[in-house]
Amino acid sequence: MIRVVTVEEQDPKHVQRVCKVLFAAFGVGAEFQGAVPLPAGVRVGKEVDAVKLLTELDAVRTFAKDKLFYLTSEPLAARELPSGKLPTQGFAQFAGERALVSSAGLGKGDDQIRRLAKHAVHQAGHQWELHHCLDGRCSMFPPWAEQFIAGDPVLCSFCREKSEKVMQR
């Protein structure tokens, strides 16, 4: 089960869409669990440190193997990687319990919801031990690549099969 939690109140359309897309992509239940406040001390200027936010957020009740998926509208600070600073739309604990996605900077209306959903599938994929994919249509394609924002929030057959094997363990 994927437990979707909002950081502060979020647009109900965003929450509903993310739940539906996560269910379609991974074949496990995804349901809204409520809202938690933004913790103090996670800001870096006007942005939020995604790694620190994930560790500081209040948990909600989960059961064995449940995943926590947080949605926020706060802009996330760029992360320093070996290849340089990269924009951050989300972050996940690889093979871990928690992931986070921000709707900040994703446009407006239906386009924003589609982009948010694609980033959600990407970060949830990391929770299910998926690495970046070479298929440009797959949501596990690197999110900083220009073609990532095109297309629907779906997994390629390889990533879908791999995530199913991880879930069966």
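The values are calculated or read from the model by the stated rules, or taken from the named source; none is laboratory data. Since the structure is predicted, the reported quantities are computational estimates derived from the model, not experimental observations. Cβ coordinates were reconstructed from backbone atoms using ideal geometry, including for glycine residues, and neighbour counts include every protein chain displayed.
Under 8 Å between Cβ atoms, at least 6 apart or on separate chains: pull out the pairs that start in region 33-45 with a residue that is without any contact (Cβ under 8 Å) to a residue 40 or more places away in the chain and under 26 Å from P12 (Cβ atoms) and end on any residue that is surrounded by 15 or more Cβ atoms within 10 Å (Cβ to Cβ) and among the basic types (K, R).
Q33/R3; V42/K52
Read through the list (1) more than 23 Å from K20 (Cα to Cα); (2) over 15 Å from the mean Cα position of the chain (by Cα), then give the number of the only condition that T62 fails.
Every listed condition holds for T62 apart from (1).
Among (1) in contact with a Pro (Cβ under 9 Å, 6 or more places away or on another chain); (2) surrounded by fewer than 15 Cβ atoms within 10 Å (Cβ to Cβ); (3) hydrophobic (A, V, I, L, M, F, W, C); (4) in contact (Cβ under 8 Å) with a residue 60 or more places away in the chain, which single condition is F63 missing?
Result: F63 fails condition (1) only.
So which of S139, S163 ends up being in contact (Cβ under 8 Å) with a residue 60 or more places away in the chain, under 30 Å from R61 (Cβ atoms), in a loop (DSSP other than H, G, I, E, B) and of a type in the set (S, T, N, Q)? Even if it seems obvious, please write down each step before you answer.
Details: S163 fails: in a loop (DSSP other than H, G, I, E, B).
Result of the check over S139, S163: S139.
Could you identify the single residue in T72, T88 that is under 18 Å from V51 (Cα atoms), in contact with a Ser or Thr (Cβ under 7 Å, 6 or more places away or on another chain) and either surrounded by 15 or more Cβ atoms within 10 Å (Cβ to Cβ) or among the polar types (S, T, N, Q) (or both)?
One residue alone meets the criteria, T72.
So E74 passes all but one of these: (1) among the charged types (D, E, K, R); (2) in contact with an Asp or Glu (Cβ under 9 Å, 6 or more places away or on another chain); (3) not in a loop (DSSP other than H, G, I, E, B). Which condition number does it fail?
(3)
Return yes or no: is V101 farther than 26 Å from Q10 by Cβ and of a type in the set (V, I, T)?
So V101 does not fit the description; no.
If we keep just the residues of region 142-160 that are among the aromatic types (F, W, Y) and either modelled with pLDDT of 95 or more or part of a loop (DSSP other than H, G, I, E, B) (or both), which is farthest from P87 (Cα to Cα)?
Here the answer is F158.
Could you give me the residue pairs with C-beta distances under 7 Å whose first residue belongs to region 109-130 and is part of a loop (DSSP other than H, G, I, E, B), whose second residue is hydroxyl-bearing (S, T, Y) wherever it lies, and which are 6+ apart or on separate chains?
Partner pairs satisfying both residue conditions: W128/S163; L130/S163.
Take A99 and decide whether it is crowded, with 21+ Cβ neighbours inside 10 Å and in a strand (DSSP E or B).
Criteria met by A99.
Starting from residues that are among the charged types (D, E, K, R) and in contact with a Gly (Cβ under 8 Å, 6 or more places away or on another chain), keep the ones in region 41-79 and report whichever is nearest to L116 (Cα to Cα). Please lay out each step first, then the result.
First, the residues of region 41-79 that are among the charged types (D, E, K, R): 43, 46-47, 49, 52, 56, 58, 61, 65-67, 74, 79.
Still in the running and in contact with a Gly (Cβ under 8 Å, 6 or more places away or on another chain): 52, 56.
Numbers: K52: 21, E56: 22 Å.
Only one residue tops the list, namely K52.
So the check is Cβ under 9 Å with 6+ separation or different chains; which pairs have a first residue in region 80-101 that's closer than 20 Å to L116 by Cβ and touching a residue at least 40 places away in the same chain (Cβ under 8 Å) and a second one that's of a type in the set (S, T, N, Q) and loosely packed, with under 13 Cβ neighbours inside 10 Å?
Here the result reads R98/T55, each pair linking region 80-101 to a residue that is of a type in the set (S, T, N, Q) and loosely packed, with under 13 Cβ neighbours inside 10 Å.
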